[in-house]
Amino acid sequence: MVGIPDNSYKARPSEKEAVAFVQYTSPAVYPPIMNAAQTFHTRGYVVYLWGIQAFGDAQGMKMPTKEGLYLWLMRGCRPGVWQKVHYLRFVLNCVVYSLWYRPKVVYCSDLWSYPIGWILYRLFGFKVIAHEHDTPAASGRAATGICIAARCRLFPRVPVVFPQVQRAEKVSRDIGVGKRYIVWNCPRRDEICGRGSNPAKSEITLWYHGSVVPSQFPKTIVDAIVLLPRNYRLKFAGYETIGNLGYIGDFLDYAKAQGVAQRVEYLGTIPTRTELFERASECDIGLALFDREFREPMVGASNKPFDYLACGLGVLANGTEEWRSFFQEVPSVIHCDPSDAKSMAGVLVEIQSDPNRLALARELGTKRMLSDWNYESQFEKVLTEIETPPKSQRLHLR
């Protein structure tokens, strides 16, 4: 298999069962893939992740590997005719490696992995689990149509993991699902690093991380900084998507034009989640400002608010009913209209008017993460699905 291994494959395992993660993308771009892989590894499985290199700034993001957790990435390929050939090579490689390593579970983690899952399930009898991070958009392209068709055949026959209830219900109505599991995109317990806030701190730092796109990180944030007292600053880290190249530069230029460039700082793409969380935990309030007309429901699916709570931050979120009802018992999550700079600035000033109350709320948010809003707790139901013997085998064991 020609590719770019992050560490060498060992001999075929015999003493431990294996899980193979398949995605035609880089696992490092998807925290849920990393968390699920780490959770399997902690449980004692050998874990293989097969994917491709990311493009642009996202290349700087790294998936940690260790003994028993192995990563293999093919070089990426730009869209076009050669990408079809590249994808067919990826499919063949994943099928061959699955037949060689015989994983107990093949975990398909994006639309382009579903044909691989269907082949392995239908032709070779592998146990397959699908994890749909984002609902695929309808497309007229033939290649995408093949993947959609594989999805329609695979989902009614296998367990499917969704990060959000409404999405799961819609897919169940539209094409059917074998079994469905809701796993919110929380961090793992060992990532939770809330340091506690300092109520006497004079400078208030807003924080954002993730893909830097207008629908999640609007320029109205700059307008809010203009309205806020001078002790408010903004730091952000992340990468541009293919559809929004140049947006980071535009955002920084806008901050300069509004006279607040010295209060806005871009930290680039931070390669590991450990480093990312360390930088985030130095700040005060994380921004989860999804557009109110976002393409699909995001509460539970977005890792941002959970990441911020894990770092001991307050969270400024979209003020729609979807977000308010989900976080109604978490006092460190506050709400505004992301399209209204005055709404944003007013809420931030109001919550900071009682620093001691905010500090206590942030501590309660971190405790909630440790108790049940962590990936181990969320993913336990999926592990139970994998580790429970089939009914016929349970009867035999009795």
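The values are calculated or read from the model by the stated rules, or taken from the named source; none is laboratory data. None of these values were measured; they are calculated from a predicted model. Methodologically, a virtual Cβ is constructed for each residue, glycine included, from the backbone with ideal geometry; neighbour enumeration extends over all protein chains shown. Remember, those area values only see protein heavy atoms, side chains included, never the ligands or the DNA or RNA. Shrake-Rupley method; radii C 1.70, N 1.55, O 1.52, S 1.80 Å.
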The correct ranking of Ser377, Ser202 by accessible area at 1.4 Å, largest first, is Ser202, Ser377
SASA check, Asp110, accessible area w/ 1.4 Å probe, all protein chains in place, rounded to nearest 10 Å², comes out at 20 Å²
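What part of the accessible area of the chain, given as a whole %, is carbon or sulfur when the probe is 1.4 angstrom? Please list the in-between numbers first.
Details: 9270 of 17720 Å².
C and S fraction of accessible area: 52 percent.
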Row for the stretch 319-388, column shape: gyration tensor on C-alpha, a ≥ b ≥ c, rounded if a/c < 1.5 i.e. under 1.5, prolate if a/b over b/c, else oblate; value oblate
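When the convex hull of the C-alpha atoms of the chain is computed, what volume per residue in Å³ does it have? Please report the intermediate quantities before stating the final value.
On the way: hull volume 58.8 nm³, N = 398.
Spelled out: Cα convex hull of the chain, divided by residues, is 148 Å³.
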Taking the alpha-carbon centre of each part, the distance from the stretch 91-144 to the stretch 213-268 in Å is 38 Å
Here FRET efficiency (C-beta to C-beta, Asp174 to Leu245, R₀ 51 Å, nearest 0.05) is 0.95
Taking a crude spin-label model, label points 7 Å out from Cα along the C-beta direction, the Arg357 to Lys256 distance in nm is 4.1 nm
Averaged per residue, the 1.4 Å probe accessible area of the stretch 34-174, protein heavy atoms only, in Å², is roughly 44 Å²
Expressed in nanometres to one decimal, the distance between label points 7 Å along Cα→Cβ at Ser339 and Arg324 is 1.7 nm
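Taking a 1.4 Å probe, which of Tyr121, Tyr308 shows the most accessible area, and what order do the others take after it? It would help to have the intermediate numbers written out before the result.
Numbers: Tyr121 70, Tyr308 0 Å².
The ordering from most to least exposed comes out as Tyr121, Tyr308.
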Among Phe306, Pro103, Pro31, the residue whose Cα sits farthest towards the positive end of the charge dipole of the chain (+1 at Cβ of Lys and Arg, -1 at Cβ of Asp and Glu, taken about the Cα centre) is Pro103
Toy charge model, Lys and Arg Cβ at +1, Asp and Glu Cβ at -1: the stretch 204-264 dipole around Cα centroid in debye, rounded to 20, equals 300 debye
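Mind ranking Trp100, Trp72, Trp82, Trp184 by accessible surface for me, highest first, 1.4 Å probe? Write out the running numbers ahead of the final one.
Numbers: Trp100 140, Trp72 5, Trp82 190, Trp184 60 Å².
From most exposed to least exposed: Trp82, Trp100, Trp184, Trp72.
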Rounded to 0.05, the calculated FRET efficiency for the beta carbons of Tyr101 and Ala143 at R₀ = 35 Å is 0.85
In vacuo Debye sum over C-alpha of the stretch 212-251, base-10 log of normalised intensity I(q)/I(0) at q = 0.19 Å⁻¹, listed in q order, is -0.59
Between the modelled labels at Ser215 and Lys381 (7 Å from Cα along Cα→Cβ) the distance in nm is 2.6 nm
Helix 165-174 sits off the longest principal axis of the Cα atoms of the chain, rounded to the nearest 10 on a 0 to 90 degree scale, by 40 degrees
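Can you give the charge dipole size of the chain about its Cα centre, rounded to the nearest 20 debye, using +1 on the beta carbon of Lys and Arg and -1 on the beta carbon of Asp and Glu? Kindly include the intermediate steps, with their values, before the conclusion.
Working: 48 positive and 39 negative charges, 326 e Å.
Roughly 1560 debye for the chain.
Quick check on my link table: of Lys219/Lys367; Lys84/Lys104; Lys62/Lys235, which ones sit more than 25 Å apart, alpha carbon to alpha carbon?
Values: Lys219/Lys367 32 Å; Lys84/Lys104 29 Å; Lys62/Lys235 21 Å.
Flagged as over cut-off: Lys219/Lys367; Lys84/Lys104.
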Note to self, the chain gives a 222 nm [θ] from helices alone (DSSP H runs n ≥ 4, -39500 (n - 2.57) apiece, / all residues, nearest 500) of -12000 deg cm²/dmol
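Which FRET efficiency, nearest 0.05, do Trp82 and Ser371 yield, Cβ-Cβ r, R0 51 Å? Please report the intermediate quantities before stating the final value.
Details: r = 49 Å, r/R0 = 0.97.
The value I calculate is 0.55.
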